[in-house]
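The values are calculated or read from the model by the stated rules, or taken from the named source; none is laboratory data. All of these numbers come straight from a predicted model, not from anything done at the bench. Neighbour counts are summed over all protein chains in view; Cβ atoms, including those assigned to glycine, are modelled from backbone coordinates with ideal geometry. Keep in mind that these areas ignore ligands, DNA and RNA; they rest on the heavy atoms of the full protein, side chains included. Shrake-Rupley method; radii C 1.70, N 1.55, O 1.52, S 1.80 Å.
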Amino acid sequence: MSEAYDAVVIGSGPNGLAAAVHLARAGRSVHVIEGHARIGGGTRTDELTLPGFFHDVCSAIHPMGVASPFLKTLPLEEFGLEWIHPEVPLAHPLDGGDAVVLHRSLDETADAFDASSAKMYRRVFAPLLGKFEETLTDLLAPPLRVPRDPLAVMRFGLRALPSTLASARAWFGDEKARALLAGNAAHAVVPLDRPLAPNAIGLMLMLAGHACGWPVAKGGSGRVSGALTAYLESLGGSIETGRRIARMEELPRAKAYLFDTSPSALAGIAGECLPASYRRRLLAFRHAPGIFKIDYALDGPVPWTAEECRGAGTVHLGGSLDEIVISEREVHRGIHPERPFVLAAQQSVCDESRAPAGKHTFWAYCHVPSGSTVDMSSAIERQIERFAPGFRDRILARHTMNCADYERYNPNLLGGDIVGGASDWRQLLARPVVAAHPHRTPDPAIFLCSASTPPGGGVHGMCGYRAAQEAMRGVLAKT
Ligand SMILES: Cc1cc2nc3c(=O)[nH]c(=O)nc-3n(C[C@H](O)[C@H](O)[C@H](O)COP(=O)(O)OP(=O)(O)OC[C@H]3O[C@@H](n4cnc5c(N)ncnc54)[C@H](O)[C@@H]3O)c2cc1C
């Protein structure tokens, strides 16, 4: 009997949808099965607080979406996706009413620092920016490959290798420049005194800011998955929601199965289709600490003391380099920081469709130990009030989610891990296991396509795209 589909994708996060789109574009029959009632995984938008306030439940800011070598090739604007760029990508307020800003322009960013830090900023970033596209394409490929531009990758690697703490102190005397690097590196959810991952992720985000900006999706991040879905359906692909898969036997017949799931879920679902030794390695995959998030409906804009923060899409609230280093270190030691590093987004400053006229949405989270159910609302609000006194008076409603809430919402977010697995240097290379073709498994029909594969977390679709390429080169090439 012939298979019903060429490929079945389990999970409709941005990676599952990217995999499905790539296969459907190649003329393959594809069916996506999503466990949640709605498609999208980490790209959904909901009225979480009050009617008329549209909040991004997970992802909000999309430097990697707009820069993604795969998403860039898709006609997603025709299917409802519009990127909106705030006045400035990122602001980072400091005590005393000052703020450091990541502008689109490298020079404008550097000019705010003292002369020697400005010179160093240009020396570090300008050569990397000149080769941004080439470097990004190489860095978003599986790690054990010969890069297309080895020199550019080597230049990036030399800057990324040391810890952020060491680099920030060696490169910059100016506290503002140090804080800017630290805030970006903290997206890695790895302590900033560890090598490679924090600096690599921080540098890449800053370069993306200079090269492409940090946009939001007009109407909400749900438009990213909405556009991918609409495009997929236009190519003949089909989608089914509200069906959580627990065993291979529940799946329709197909030549290839692509799992947009955690490694442990794949091990459980695939069972004896995969050798016990490989399943053990999947189960040994380590997850990152979790997050606690608050979505606010506000009566007006956030009353930032620093003018520069008012038009920024993203705001990093954590003060100095040293302060951010301590708070991220505490999280990894199982401590809930009193002064957490807070990542905040104010989508409604550039996207009026997010809230009723004159009102605003505000999205803020901090890192917490894995699985935490501690309410971090007060700690987060103290950090916001520190840089925006009077913030609390603007709150109309709030909606919170802790690690357990996130894991219930999406089984990929194990213990509240939002990056698909710890992204320290070992798991940047071994994602989910050390392999030349990490999206493949020992069963030629089964692939892993989630953020637990290279290149890791973020809305860029590259994990799904790479897994789909592997399926096309492998089991689907024969048919
Ligand atoms: C709070 C938060 C904030 C974030 N902020 C940003 C941001 O601003 N910018 C950014 O780029 N990234 C951000 N991210 C990260 C980004 O959302 C993820 O890296 C990305 O969504 C991963 O995509 P994915 O397709 O691998 O998995 P997911 O998006 O997690 O999707 C997996 C899907 O698979 C489904 N699924 C899992 N198991 C099964 C099963 N057994 N059967 C059926 N369906 C199943 C799930 O229900 C889910 O819909 C954030 C994430 C969170 C949670």
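Hey, which of these cross-link pairs are over 32 Å Cα-Cα: K72/K293; K218/K293; K72/K478? None, as every Cα separation is 32 Å or less.
Per-residue accessible area (protein heavy atoms, 1.4 Å probe) orders R243, R194, R426 as R426, R194, R243, starting from the largest. Rolling a 1.4 Å probe across all protein chains gives C403 an accessible area of roughly 0 Å². Radius of gyration over Kirkwood radius for the chain, both on Cα atoms: the Rg/Rh ratio is 0.96. For region 369-479, the average shadow cast by the Cα convex hull is 9.9 nm², which is a quarter of the hull's surface.
Probing with 1.4 Å while keeping every protein chain in the model, the per residue accessible area of the chain equals 37 Å². Here's the list of aspartates and glutamates a cross-link from K119 could span, going by alpha-carbon distance under 16 Å and ignoring same-chain residues fewer than 8 apart: D107, E108, D111, D174, E175. Can you bin region 111-151 into rounded, prolate or oblate? Criterion: square roots of the alpha carbon gyration tensor eigenvalues sorted a ≥ b ≥ c, rounded for a/c under 1.5, prolate for a/b above b/c, oblate for the rest. Prolate. Site pair D95 and S116 shows an inter-label distance of 2.4 nm when each label is modelled 7 Å from Cα along Cα→Cβ.
Among R44, R253, the sequence by solvent-accessible area, most first, with a 1.4 Å probe is R253, R44. The distance from the alpha carbon centre of region 354-422 to that of region 43-91 is 18 Å, rounded to a whole number. Positive-end ranking of G358, F259, A276 along the dipole of the chain, with charges on Cβ about the Cα centre, is headed by A276.
For the chain, with all protein chains in place and a probe radius of 1.4 Å, 52% of the accessible heavy-atom surface sits on carbon or sulfur. The orientation-averaged projected area of the convex hull spanned by the Cα atoms of region 1-148 comes to 14.9 nm². The distance between label points at K478 and W425 comes to 4.0 nm (points 7 Å beyond Cα on the Cα→Cβ vector).
For region 219-326, a/c is not less than 1.5, where a ≥ b ≥ c are the root eigenvalues of the C-alpha gyration tensor, and a/b does not top b/c. That puts it in the oblate class.
One quarter of the convex hull surface built on the alpha carbon atoms of region 105-212 amounts to 6.2 nm², the projected area averaged over directions. Highest mean first, the peptides 373-379, 321-327, 203-209 sorted by other C-beta atoms within 10 Å per residue fall in the order 203-209, 321-327, 373-379. Each of F285, P195, T241 was placed along the dipole of region 183-285 (beta-carbon charges, centred on the mean Cα), and the one lying farthest toward the positive end is F285. How much FRET efficiency would the formula 1/(1 + (r/R0)^6) give for R382 and A246, where r is the Cβ-Cβ distance and R0 is 41 Å, rounded to 0.05? Computed FRET efficiency for R382 and A246 comes out at 0.45. Positive end of the dipole of the chain (Cβ unit charges, origin at the Cα centre): among G97, A345, L139, the Cα lying farthest that way belongs to L139. For K72, the accessible area of its heavy atoms, probed at 1.4 Å with every protein chain present, is near 110 square angstrom.
With the helix formula -39500 (n - 2.57) applied to DSSP H stretches of n ≥ 4, the chain reaches a computed 222 nm mean residue ellipticity of -10000 deg cm²/dmol.
Expressed as a whole number of Å, what is the distance separating the alpha-carbon centroids of region 3-32 and region 168-197? Distance between centres, Cα-based: 38 Å.
Measuring how big region 368-414 is from its alpha-carbon positions, Rg and Dmax come out at 13.2, 37 Å. Placing dummy labels 7 Å off each Cα toward the beta-carbon, the span from V433 to S105 is 5.2 nm. Express in whole angstrom the spacing between the alpha-carbon centres of region 256-293 and region 434-479. Here the answer is 14 Å between Cα centres.
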